1. Could you say which residue among Arg262, Arg215, Arg205 is in contact (Cβ under 8 Å) with a residue 24 or more places away in the chain and farther than 23 Å from Ala282 by Cβ?
2. Out of all the residues in region 400-418, which are over 22 Å from Ala73 (Cα atoms) and touching a strand residue (DSSP E or B) at 6+ places or on another chain (Cβ under 7 Å)?
3. Taking strands (runs of 3 or more DSSP E) that do not extend beyond region 189-281, which have at least 3 residues that are under 21 Å from the mean Cα position of the chain (by Cα)?
4. Could you please let me know if Arg316 is in contact (Cβ under 8 Å) with a residue 60 or more places away in the chain, of a type outside the set (Phe, Trp, Tyr) and either surrounded by 15 or more Cβ atoms within 10 Å (Cβ to Cβ) or part of a strand (DSSP E or B) (or both)?
5. It is to be established whether one or more residues within region 401-420 are within 20 Å of Ile198 (Cβ to Cβ), at pLDDT 95 or above, touching a Leu at 6+ places or on another chain (Cβ under 9 Å) and not aromatic (Phe, Trp, Tyr).
6. Report yes if some residue within region 396-416 is closer than 30 Å to Gly70 by Cβ and without any contact (Cβ under 8 Å) to a residue 60 or more places away in the chain; otherwise report no.
7. What tally of residues in region 141-185 results from selecting those that are touching a residue at least 40 places away in the same chain (Cβ under 8 Å) and within 20 Å of the chain's Cα centre (by Cα)?
Amino acid sequence: MHFAVGFASINPGRRRLGARTTIPDSDGAAAMTVHPDSSTANTAATASAVATAPADGSGAPLVATPAHLGDLAPPSAGADAGVPRPEYPRPQVVRPRWLNLNGEWGFEIDRGDSGFERGLVGRDLERTITVPFAPESEASGVEDTDFLEAVWYRRTVTVPAEWGDDVVLLHLGAVDHDATVWVDGVEVVRHRGGFTPITAPIGARAGETITIVVRARDPRGEMQARGKQATWYANTHCNYTRTTGIWQTVWLEPVPAVHLRRPRITPDLASRAFDVRLPLSANRPGSRVEVDVVDEAGVVATASVAADLDLAPQVRVVLPADRVRTWSPQDPHLYGVRVRLLDAGGAVVDEITSYAGLRSVAIDGRRLLLNGQPVFQRLVLDQGYWPDTLMTAPSDAALLRDIELGLEAGFNGARLHEKVFEERYLFHADRLGYLVWGEFGDWGVSGQGGPGHNQAPTASFVTQWLEVLERDHNHPAIVGWCP
């Protein structure tokens, strides 16, 4: 089925009606409404040739992750089959050891935002919630859709003893909107912005039982990047039920005292190369970083550079001409990327697994060129809401199914509208050759003045956007940005 244009409207609680085709929200996927006659079309071409329908109706992809990419889905320590969203949350930067903290947390609504004065940091909370689902959602077990000025979370967890002397990082995938985190009563991090990840080092804690407390403020009257969250009490027009507090996976990760941070991998197709920038937590004399690029036949190329001069050393990995294979919707080939931090004696201090696609993006007039060839972008507008879980996908299969539905309807990509999507959505887009426009949820600051002067964005818009670019730079599926 080929449409001149399309976009998706995902509206919890009701379906839009009219001259359009509705794709049912089977397999936990968000509802998509396709407009075959919209005037916002790009120019014509065929959709992706990648076969992506579920193999057995379960949401499992026909296109499996190639073995040469390594293990991008290591199991959590003490894995519990009942934990929601159990999958590894960061497939672009993989270490084998981690602990998923999703599931039941203590919870309390703080309607007056007076919880700190009332001692909520140090006491048990009134009820429970299922993380990572927002308290407004049915899946959370709370389902309170009124305005929530502040909410509190509490969880006691034992850090795996086998993590030894490694520093433990506490990760929160996203917390809406203004978060403060305490561990054992000590504040460890603050973060403003509901779309980007939070990381806090909490020291070497192997074998210890620790208590994590999170306060999330979501003030009704202040300017913030809300995306499509309603600013009136009820869902209104194209704005949907609000999301407050934790809405992506919370997890622990052990790392060495000196460790690799998220790499920045930039393809350079003209030079058959990847430029890899490697931020470090610290420098040590004599240390080096090494990068291997691998494909189905093994190691394609290796490069290394000293890591004792700059906090973000950079290497260029040039591929032999006979091992070049570009990424495209027709052939979404991914290279495995292995990064090692070595000490002065050559011993491996830290190691991460990643992946990359070799492709170029350019503009020629009104045409998008991918690898030098014009590509028609037949994009669906995906807003990433689910009736029972709101901005959080109910499962990894639901993220995948959204892409499958788009492909089955004849689209070859999506504009991710007014929301920063979960990293795993982009991972699936990379694997399946699904073109993506990354976008920031910048709605929520309009109506502040007359025409031309009605927007009042805050400083956190800029800081969040920089965090989005840092998180998502490496994904070959992203061919455009809508800040």
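1. Values: Arg262 fails: farther than 23 Å from Ala282 by Cβ; Arg205 fails: farther than 23 Å from Ala282 by Cβ.
Result of the check over Arg262, Arg215, Arg205: Arg215.
2. Initial filter on region 400-418 (over 22 Å from Ala73 (Cα atoms)): 405-418.
Residues satisfying the conditions are Leu405, Gly406, Ala409, Phe411, Asn412, Gly413, Ala414, Arg415, Leu416, His417, Glu418.
3. Numbers: elements: 198-201, 209-217, 250-255, 264-268, 273-277.
Output list reads 198-201, 250-255, 264-268.
4. Details: in contact (Cβ under 8 Å) with a residue 60 or more places away in the chain: no; of a type outside the set (Phe, Trp, Tyr): yes; either surrounded by 15 or more Cβ atoms within 10 Å (Cβ to Cβ) or part of a strand (DSSP E or B) (or both): yes.
Against the criterion (in contact (Cβ under 8 Å) with a residue 60 or more places away in the chain, of a type outside the set (Phe, Trp, Tyr) and either surrounded by 15 or more Cβ atoms within 10 Å (Cβ to Cβ) or part of a strand (DSSP E or B) (or both)), Arg316 does not qualify.
5. no
6. Checked region 396-416: at least one residue is closer than 30 Å to Gly70 by Cβ and without any contact (Cβ under 8 Å) to a residue 60 or more places away in the chain.
7. From region 141-185, those touching a residue at least 40 places away in the same chain (Cβ under 8 Å) are 145-178, 182, 185; that's our starting set.
Narrowing further to those that are within 20 Å of the chain's Cα centre (by Cα): 169-178.
So the answer is 10.
Okay, residues lined up against (1) surrounded by fewer than 19 Cβ atoms within 10 Å (Cβ to Cβ); (2) under 16 Å from Pro332 (Cβ atoms); (3) modelled with pLDDT of 90 or more:
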| residue | (1), (2), (3) |
| --- | --- |
| Ala73 | yes, no, yes |
| Ala79 | yes, no, no |
| Arg85 | no, no, yes |
| Arg90 | no, no, yes |
| Val94 | no, no, yes |
| Trp98 | no, no, yes |
| Leu101 | no, no, yes |
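The values are calculated or read from the model by the stated rules, or taken from the named source; none is laboratory data. Small disclaimer: the values here were computed from a predicted structure and weren't measured. Because the Cβ atoms are built from the backbone with ideal geometry, glycine has one as well, and the counts that use them run over all protein chains shown.
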